[in-house]
1. If the viscosity is 0.692 mPa s and the temperature 37 °C, what Stokes-Einstein diffusion coefficient in µm²/s follows for region 247-402 when Rh is the Kirkwood radius over Cα pairs?
2. Check cross-link reach from K320 to the lysines: straight Cα distance under 18 Å, and skip same-chain residues fewer than eight apart.
3. Along each principal axis of its Cα atoms, how long is region 14-169 end to end? Whole angstroms, biggest number first, please.
4. Along the Cα→Cβ direction, 7 angstrom out, place labels at T139 and D38. What is the inter-label distance in nm?
5. Can you work out the Karplus-derived ³J(HN,Hα) for every residue in region 69-76? Use 6.51 cos²θ - 1.76 cosθ + 1.60 with θ = phi - 60°, whole Hz, and x for glycine or proline.
6. When N is the residue count of the chain, what does its C-alpha Rg come to as a fraction of 2.2 N^0.38 Å?
7. Exposure proxy check: T345, T36, T187 ranked by fewest other beta carbons within 10 Å?
8. Any idea which of H183, T98, A219 is furthest toward the positive side of the dipole for the chain, if Lys and Arg beta-carbons carry +1 and Asp and Glu beta-carbons -1?
Amino acid sequence: MIDFEIPEDAKIIRETVRKFVRDHCIPAEEGLTADTFDEKLAALRVKAREEGLWCPFIPEEHGGMGLKPLANALVQMELGESILGALSMNTQGPDDATMLTLLTHGTDHQKEKFLKPLLNGEKRICYSMTEKAAGADATGMQTSAVADGDNFVLNGEKWFSSSADVADIAVVMAKTNPEAPRHRQFTTFIVELPNPGYNIIRNIPTMHGESPLMEKIGATHSEIEIKDLVVPKENVLGGLGGGFEMGQHRLAYGRLRHGMHNVARAQRALDLAAKHVTSRDTFGSRLADRQGVQWMLAECASELYMARLMLLHIAYKAEKGMDLRQENSIAKVFLAHMVHKVVDTALQLHGALGYSHDTPLAAWYTAIRSQRLVDGPDEVHKWRVGKNVIRAYEQFGTTASAAGGDLL
Ligand SMILES: Cc1cc2nc3c(=O)[nH]c(=O)nc-3n(C[C@H](O)[C@H](O)[C@H](O)COP(=O)(O)OP(=O)(O)OC[C@H]3O[C@@H](n4cnc5c(N)ncnc54)[C@H](O)[C@@H]3O)c2cc1C
């Protein structure tokens, strides 16, 4: 028998986090502005720490909760309901995935100097890989790093570095050896900010819009000039030529975290939709009593159900240390579309109210479009998934192992 019973300790943590998000984070969204953000977040963080809710997947000896993949997934699926959820427990992107990389690949010195203040919530970190020159195929990156005594000197550009505006540290990828095999040409560097060699040219205007609050939260994406940026050799993360390995390490978790937060956001959108349709009458009936509306809600519920099962299966594989790359790519694409569909449906059912900024739906709608691009666009993931389908067929005479079939 497959056991879907959630272990008691994970259940308790999930309930605690759910209550924390609903009792504290969602109410704190009321009146949230750039001016009130620092105070509100500080108060939430004090409260979260009092309840032992801090850095969920970071081991306890580093001050985190030490949650394993399943418990962490359950927690993240709650946190995404509020814009303040992950921030309140210091598990917001892009910081969280980079903390994980520092924890796994950093030297003792790097952990002490850079990871500690991140884990304490005193500093923020951003990740600069993508360039105007190259995104989905990051091997096209042009930023170079040349050794010079005890340092490297970096020159080039970066594009769409999220949270660079509020970051105290940047993790920057640059080419150290153009002669090496494609995936060994790049190295990751830890850069202390502000730095005259790492120059934020602008926050790129996006379809999600800009506001002082978004700047404060770090929901901005910067264009960076890298000019004669001097980085000590001791700040190389994960060894020379290890840049891609570092990148994949953080992206693997980042993709899943986006997906988990997408489940939470979709859940809240569906709740908002249900609240609205049960209180709104048109043509003499509640919207909730129309079969057409019920079908719309049913489709959202089906998508959310599939999304949850995918994440739970991936968490299971992660707990067992199994290879989950195929499932991660499948889920990344599915969850990005799922949240889009559910938020779009909720917005539609709210009518003009949904199009307004009197509910969070309109802002979510424009924000989540990025989910189909970040951490690898749909097509690149599908390309990989498709290749694995063919490989499985050629190896085993069936595609089952590439399509969740190893479950059965
Ligand atoms: C909101 C947001 C936040 C981001 N944050 C960060 C960050 O913090 N740090 C960072 O380094 N980067 C970040 N990025 C960049 C992101 O990782 C890239 O946008 C992504 O990798 C795609 O690269 P690109 O935009 O250059 O698209 P391109 O590589 O130019 O691709 C364009 C399009 O071509 C298609 N395509 C590409 N390759 C294939 C293929 N093999 N087969 C079929 N179709 C293909 C896809 O439709 C793709 O969308 C962010 C992007 C966004 C939108």
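1. Stokes-Einstein gives a translational diffusion coefficient of 193 µm²/s.
2. Once the sequence-local lysines are set aside, what remains near K320 is K68.
3. If we take the Cα atoms of region 14-169, the spans are 52, 35, 28 Å.
4. So the two model labels end up 4.7 nm from each other.
5. Here the 3J(HN,Hα) series is x, 5, 4, 4, 4, 5, 5, 5 Hz.
6. The chain yields a ratio of 1.01.
7. T36, T345, T187
8. Result: H183, furthest along the dipole toward the positive end.
Read-outs: derived from the displayed coordinates by stated rules, not from any lab. What you see is a predicted model, and the numbers here were worked out from it, not measured in a lab. All Cβ positions, even for glycine, are placed from backbone atoms using ideal geometry, and neighbour counts span all protein chains on display.
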